[in-house]
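First the structure, in the form of structure tokens, and then the observations on it.
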Amino acid sequence: MGCPKEYSTKGGMGAALLSDPDKIEEILSTLVKGTQKPVTCKIRILPSLEDTLSLVKRIERTGISAIAVHGRNRDERPQHPVSCEVIRAIAKTLSIPVIANGGSHDHIQQHLDIEDFRQATAASSVMVARAAMWNPSIFLKDGLRPLEEVMQKYIRYAVQYDNHYTNTKYCLCQMLREQLESPQGRLLHAAQSSQEICEAFGLGAFYEETTRELDARRADLLAKTPEAVEKPAEDTSGIIKMAIKFDRRAYPPQITPKMCLLEWCRREKLPQPVYETVQRPIDRMFCSVVTVAEQKYQSTLWDKSKKLAEQTAAIVCLRSQGLPEGRLGEESPSLNKRKREAPDQDPGGI
């Protein structure tokens with residue numbers, strides 16, 4: 001119940017729940033009764049101390065094991081001072097553990113400050129978010145590591161564990177903060193891939209070496225443990241369906257199932273594949289049907305984007321025909337040639 005952002009509050013979630021104590025009590029009581037695991041909750045404070053203490057007492061009576069308190073109200077942001085006094089009053093009122101939160105901006109600059117914040121709030125422990133995002137080495141008792149060292153290590157982990165580049169970029173931007181206008185910061189801001197991020201930090205060679213190793217391991221794994229081949233099934237509508245998902249990591253850069261299908265249609269002098277994609281309103285997921293030689297193909301699994309859904313439909317067609325789909329270890333010579341001729345081509349949109 002701590003998130004004040006509109007994407008939570010407009011649906012009655014996050015900090016919006018604080019204005020509905022009856023619902024809070026119902027949710028927490030149901031959770032406590034329905035599980036053997038400890039139940040905790042997190043709140044923001046209310047405009048008045050009296051209302052805040054009344055709410056936390058009611059929350060405690062539901063039987064939860066601990067409560068985390070962000071010492072700002074719903075309308076306040078990090079630039080507003082955190083209310084240590086209110087958290088202290090809550091800690092002295094309740095018998096369950098109170099976890100203090102919200103001290104990164106004003107109080108927590110190094111490891112020793114975490115304990116100072118705990119004492120200032122009389123809490124049993126401290127939750128650290130932004131300060132840890134700015135420099136994760138804040139948890140080291142012997143002091144902060146240089147930011148450049150921390151970022152280099154983080155990037156290496158991100159590449160080794162195939163973290164999505166947008167998440168890596170976001171975290172690095174949070175670390176750089178006021179240095180985003182530096183030459184390195186501008187390179188990071190412009191980066192559109194993990195490779196470009198690595199190059200911005202002098203780790204281009206590391207990226208190349210690591211991705212070669214990862215690609216080789218994936219290819220070896222696919223060779224040793226091939227996927228269970230699902231038999232295509234044709235339903236009453238005449239559409240051939242399979243339960244398939246498109247995993248970008250299983251394909252070389254700039255090679256996709258859609259490219260393979262288009263190439264095959266050209267060789268066979270067939271009309272270009274036609275994709276029809278629909279979006280499901282309830283969860284905004286996508287499903288695509290591809291028509292090839294008057295036969296329709298579709299995956300029974302829905303995807304989070306139109307491009308992914310089209311790639312999945314292409315896989316169903318290719319597997320139904322027993323054709324290569326461009327996975328690691330099965331690239332066709334013609335596709336390799338086209339890849340070299342058109343390095344800037346967007347594989348997702350073909």
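Summary of computed values
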item	result
Degrees between helix 257-267 axis and first principal axis of the chain (Cα, 0 to 90, nearest 10)	10 degrees
Percent accessible area from carbon and sulfur atoms, the chain, protein chains only, probe 1.4 Å	52 percent
Accessible area in square angstrom per residue, the chain, 1.4 angstrom probe	57 Å²
Restricting the stretch 133-171 to chymotrypsin sites (Phe, Trp or Tyr not before Pro) in coil, as DSSP defines it, with at most 11 other Cβ within 10 Å	161
Loop-exposed trypsin sites (Lys or Arg not before Pro) per DSSP, neighbour cap 16 Cβ within 10 angstrom, longest uninterrupted part of the chain	142-244
Charge tally in the Cβ shell below 12 Å around residue 304, where Lys, Arg are +1 and Asp, Glu are -1, residue 304 excluded	+3
Among the listed pairs 5/296; 23/141; 37/169; 42/141, those beyond 31 Å (Cα-Cα)	5/296; 23/141; 37/169
Over the chain: Rg over Rh, Cα atoms, Kirkwood Rh	1.08
Average Cα contact separation per residue, the chain, under 8 Å, 6 or more apart, as relative contact order %	9 percent
Environment charge at residue 270 (Cβ cut-off 15 Å; Lys +1, Arg +1, Asp -1, Glu -1)	+2
With Cα atoms, 0 to 90° folded angle of helix 49-60 axis to the chain main axis	60 degrees
Prolate/oblate/rounded call for the stretch 10-156, Cα gyration tensor, a/c under 1.5 rounded	prolate
Mean residue ellipticity (222 nm) of the chain, computed from DSSP H runs ≥ 4 via -39,500 (n - 2.57), nearest 500	-13000 deg cm²/dmol
Rounded tilt (10° steps) of 165-176 against the dominant C-alpha axis of the chain	40 degrees
Shape call, the stretch 231-314: gyration tensor on alpha carbons, a/c limit 1.5	oblate
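The values are calculated or read from the model by the stated rules, or taken from the named source; none is laboratory data. Note that the coordinates shown come from a computational prediction; the quantities given were computed from them, not determined experimentally. We place every Cβ from the backbone using ideal geometry, glycine too, and count neighbours over all the protein chains shown. Areas reflect the complete protein model, heavy atoms only, side chains present, ligands, DNA and RNA absent. Shrake-Rupley method; radii C 1.70, N 1.55, O 1.52, S 1.80 Å.
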